[in-house]
Each structure stands twice: as C-alpha cells, then as structure tokens.
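Worksheet: the structure to be examined is printed underneath.
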Amino acid sequence: MATRKVTLSLDSGALEFAERAAKAHGISVSSWLSKAARREAVRTGYTPQKPEPAVAESDEAERSAAEKDLRAQG
C-alpha cells in the first residue's frame, strides 16, 4: 500500500498510549496508528468507494484482519 506523509496533532495522553501500544506490538507508532484507524473505520461501518484494484486487494486483506481482531476481542 502506498504511504503518504501527513502531520497529525495528538493530545499527550493519546500519543503516550499509542507509543506504549506500538512498543508492546513491536511496531512503529505510525504503523500502530494506521492499523488503529483502519480498525476504527471497520468498527464504525466505513466501506471504501470503488478503490483501485491493487489497493483494494491490500485494503480487503487489512479489513478482514481488522474484523478478525475485533471478533477475537469480543
């Protein structure tokens, strides 16, 4: 999947939480935030509008993994 650089502002508590969670999972904060955003999008019912084929395949795999994680969490 293509990566774009963006600037985000997080409150200090949210950033600390993300840093600790990312460290616990052995991934970067950026990666953890990307996965968290996808999980939240799936949880709230977001479905992408006609994605590009290569992106769609990657998105579908990540969406499926996010749904599986949510089911495992109860």
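Bear in mind that the values in this text are calculations on the coordinates, not laboratory data. Quick caveat, the model's predicted, so the values are computed rather than measured. For neighbour counting, all protein chains shown are included, and Cβ atoms are generated from backbone atoms with ideal geometry for every residue, glycine included.
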### Message
Relative contact order of the chain, please, whole-number percent, based on alpha carbon pairs below 8 angstrom and at least 6 residues apart.
### Response
29 percent
### Task
Taking the Cα centre of the chain as origin, sum charge times position over the Cβ atoms of Lys and Arg (+1) and Asp and Glu (-1), and report the length of that vector in debye to the nearest 20.
60 debye
### Message
Starting from 0.36 nm per residue, how many nanometres of slack lie between Lys5 and Ala37 once their C-alpha separation is accounted for?
### Response
10.0 nm
### Summary
With only helices counted (DSSP H, runs n ≥ 4, each -39500 (n - 2.57)), the per-residue ellipticity at 222 nm for the chain, to the nearest 500, works out to -22500 deg cm²/dmol
### Query
For the chain, list the DSSP H helices whose alpha carbon atoms reach 15 Å or more along the long axis and whose average Kyte-Doolittle value is -0.5 or above?
12-25, 29-43
